[in-house]
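Please read through the structure below; I'll follow up with questions.
The values are calculated or read from the model by the stated rules, or taken from the named source; none is laboratory data. Keep in mind that what you see is a predicted model, and the values were worked out from it rather than measured. Note that each Cβ is placed from the backbone with ideal geometry, even for glycine, and that neighbours are counted across all protein chains shown. Side chains are part of the model used for accessible areas, which takes the heavy atoms of the whole protein and leaves out ligands, DNA and RNA. Shrake-Rupley method; radii C 1.70, N 1.55, O 1.52, S 1.80 Å.
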Amino acid sequence: MLLLGALSTFGPLSMDLYLPGLPSMAHDLSAPAWAAQLTITTSMLGLAGGQLLAGPISDARGRRAPLLAGLAAYMATSLLCALSPTIWVLLALRLVQGAAGAAGIVIARAVVRDLHSGIAAARFFAMLMLVAGLAPILAPLAGGQLLHVTDWRGIFVVLAGIGAALLLAAWWTLPDTLAPEDRHTGGLVATLGVFGALLRDRPFMGYTLAMGLSFGAMATYISGSPFVLEEIHGVSPQLFSALFALNAAGIVATSQISRALVTRLGPRRLLGIGTAANAAGGVGVLAAVVLDLGLAGLLPSFFVLVASLGAVLPNSAALALADHPRTAGSASALLGLAQFSIGAGAAPLAGVGGSHTALPLAIVAAALSVSALACLAALTRAPARAPVRAAR
């Protein structure tokens, strides 16, 4: 559980550790705010595309070998990011770094589905968030403190060290959870057929879009909040790190509340509650900006927007993967593709008005969070009572 939780942290680690140094990185590389924010976008694009590759490969070749290859590539590209001479080189390397880290995310979800299903999977995913949730809490705090002794380049060296530690841990402890007789073969044609069947599955797409759009709203917050809080509202990098960590702690707390209630309420009902809270947070951010409520209106809305992911992520993953045991890697890949491609598209939109207005961030966050709730309601049906699904 500790290893799978750590493997699930590549997204927040790759994006959150250097967030406090994002403005200084833009200054050092003589890049505008939108170009600096694109380093988050390219990372998310890599995380999305890499899952689309690693998921099917893990269905065909097993979980262990693709994971070890991805971890080794992540370590190497993180070191190269630290040496980037221009923003454009860094953007290209962030794309490759994200693609390499994607193997950890998609294969960790597939391993859970190899071992569990139904409510048991939802509870396990929630437990993983207890581990994985430490990354967005500790990463910005650590990043803020690291800036006292190094610059943004040193933070990428730290990321390379984390990749090396996870590579060693996975090589030492992780067995292959997909037996050879259960592996999906047939090459590209079969893989495309699997993807086509998943895209035609209305409930699967409902859960996938609920996850992806909600995450996109949070990605908008991740990309825009350093500039909104530090440059518009005068928050220091260290205080920003503390506020960011508080919101991330909300994800952990919500995930454990979800874990405690999932047997009684069921994952579908908890997912509905989570997406409703996410929409309320997004609308709250928009209201705080339009009505000029300042930090008193903005910070609570940010907290609700982010903390709601603790109910959205584990339950949407468990529900989406429940009916696809033999193709869990491919199904997990589409989940990740939606999550990080929507996030990649949303992140730069937070900065289209420059670094001195929060309105673009607020509009995008509200639109995506409300859309997540609408897609869930349109494509899936909430049960009248908590579902009971056999767990293995």
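With (1) open to solvent by less than 10 Å² (accessible area, probe 1.4 Å); (2) at pLDDT below 90; (3) not basic (Lys, Arg) as the list, and LEU309 as the residue in question, which single condition is left unmet?
(2)
Restricting to segment 262-292, name every residue that is under 21 Å from TYR221 (Cα atoms) and not aliphatic (A, V, I, L, M).
GLY274, THR275, ASN278, GLY281, GLY282, GLY284, ASP292
Go over the candidates GLY297, GLY329 one by one and state the one that is of a type outside the set (A, V, I, L, M), touching a Gly at 6+ places or on another chain (Cβ under 6 Å) and either at pLDDT below 85 or open to solvent by 10 Å² or more (accessible area, probe 1.4 Å) (or both). Outline the logic, then answer.
Working: GLY297 fails: touching a Gly at 6+ places or on another chain (Cβ under 6 Å).
Matching residue, one of GLY297, GLY329: GLY329.
Pick from PRO12, PRO56: which is closer than 22 Å to ALA346 by Cα and open to solvent by 10 Å² or more (accessible area, probe 1.4 Å)? Working first, answer last.
Working: PRO56 fails: closer than 22 Å to ALA346 by Cα.
Matching residue, one of PRO12, PRO56: PRO12.
Hey, another quick one. Test ALA320 against the criterion of being among the small types (Gly, Ala, Ser), open to solvent by 10 Å² or more (accessible area, probe 1.4 Å) and on the phi < 0 side of the Ramachandran plot, and give yes or no.
Answer is no for this residue.
Take VAL262 and decide whether it is part of a helix (DSSP H, G or I), closer than 21 Å to GLY5 by Cα and of a type outside the set (Ser, Thr, Tyr). First the steps, then the outcome.
Details: part of a helix (DSSP H, G or I): yes; closer than 21 Å to GLY5 by Cα: yes; of a type outside the set (Ser, Thr, Tyr): yes.
Against the criterion (part of a helix (DSSP H, G or I), closer than 21 Å to GLY5 by Cα and of a type outside the set (Ser, Thr, Tyr)), VAL262 qualifies.
Any residue that is open to solvent by less than 10 Å² (accessible area, probe 1.4 Å), touching a residue at least 24 places away in the same chain (Cβ under 8 Å) and in a helix (DSSP H, G or I) - is there at least one of those in segment 231-239?
no
Provide a single number: the residues in segment 18-58 that are within 22 Å of LEU337 (Cα to Cα) and among the aliphatic types (A, V, I, L, M).
Kept after step one, since they are within 22 Å of LEU337 (Cα to Cα), are these residues of segment 18-58: 37-58.
Then drop every residue that is not among the aliphatic types (A, V, I, L, M), which leaves 38, 40, 44-45, 47-48, 52-54, 57.
The qualifying residues number 10.
Return the only residue of SER316, SER241, SER258 being touching a Ser or Thr at 6+ places or on another chain (Cβ under 9 Å) and of a type in the set (S, T, N, Q).
Being touching a Ser or Thr at 6+ places or on another chain (Cβ under 9 Å) and of a type in the set (S, T, N, Q) holds for just one of SER316, SER241, SER258, which is SER316.
Oh, and also: Testing LEU38 on (1) closer than 30 Å to ILE232 by Cα; (2) more than 20 Å from the chain's Cα centre (by Cα), one condition comes back false. Which one is that?
Among (1) closer than 30 Å to ILE232 by Cα; (2) more than 20 Å from the chain's Cα centre (by Cα), the lone unmet condition for LEU38 is (2).
Could you say whether any residue in segment 145-161 is open to solvent by less than 60 Å² (accessible area, probe 1.4 Å), touching a Pro at 6+ places or on another chain (Cβ under 8 Å) and in a helix (DSSP H, G or I)?
Among the residues of segment 145-161, not one is open to solvent by less than 60 Å² (accessible area, probe 1.4 Å), touching a Pro at 6+ places or on another chain (Cβ under 8 Å) and in a helix (DSSP H, G or I), which makes the answer no.
Okay, residues lined up against (1) open to solvent by 10 Å² or more (accessible area, probe 1.4 Å); (2) part of a helix (DSSP H, G or I):
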{"site": "LEU22", "(1), (2)": "no, yes"}
{"site": "MET25", "(1), (2)": "no, yes"}
{"site": "ALA31", "(1), (2)": "yes, no"}
{"site": "ALA35", "(1), (2)": "no, yes"}
{"site": "LEU38", "(1), (2)": "yes, yes"}
{"site": "THR42", "(1), (2)": "yes, yes"}
{"site": "GLY46", "(1), (2)": "no, yes"}
{"site": "GLN51", "(1), (2)": "no, yes"}
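Also: Give ALA139, ALA108 a once-over and let me know the one that is modelled with pLDDT under 80 and open to solvent by less than 30 Å² (accessible area, probe 1.4 Å).
ALA139
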